[in-house]
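A.B. asks: The structure that follows is given in the form of structure tokens.
None of the figures in this text is laboratory data; all of them are computed from the coordinates on show. These numbers come from a predicted model, not from an experiment.
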Amino acid sequence: MISTDASIQRYNRADGLLWDDIDTDGFWEESDGTFLIGTSHGLSRFDPRAARHATGSLPLFVTSAILGGREQVLEKEPAASYHQSIDLQFSSLTFRDSPSVQCMYRLDGLESEFTQTNIRQVRYPGIALRQLRF
């Protein structure tokens, strides 16, 4: 896209588009300043004013919990005995450049400092279970 100051900006899937191509006649500017972009994988509504400027924190969601080798149903209270491992997988809700999104977590009651990572899983081997909050 060519911006008002005549600079050229390149946008792709990391900015929230469905794919990195544009189909023939697949570009339309809306009256509100957003664009409809037709790609080989579908139609994207794109707001270049919001692209690459999103900041702030997003909540993390636990997508899988394995306690002592048994997968837990996340709606129920986890059940495991003492000195067993905890394996958690988690995600943040974003479509923008997901692999580079940094997550921060800690197991409250066990860790005092947050860990920052772009890896979406954590394992705590052989800890005594008690009231812990992720």
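A.B. asks: Quick query: amide H of residue 39 versus all other amide H atoms, modeled in the peptide plane; which residues come in under 5 Å with a sequence gap of 5 or more or a different chain?
C.D. replies: 23, 44
A.B. asks: Can you report the principal axis dimensions of segment 1-53 using only the alpha carbons, biggest first, rounded to whole angstrom?
C.D. replies: Answer, in whole Å and largest first: 30, 23, 17 Å.
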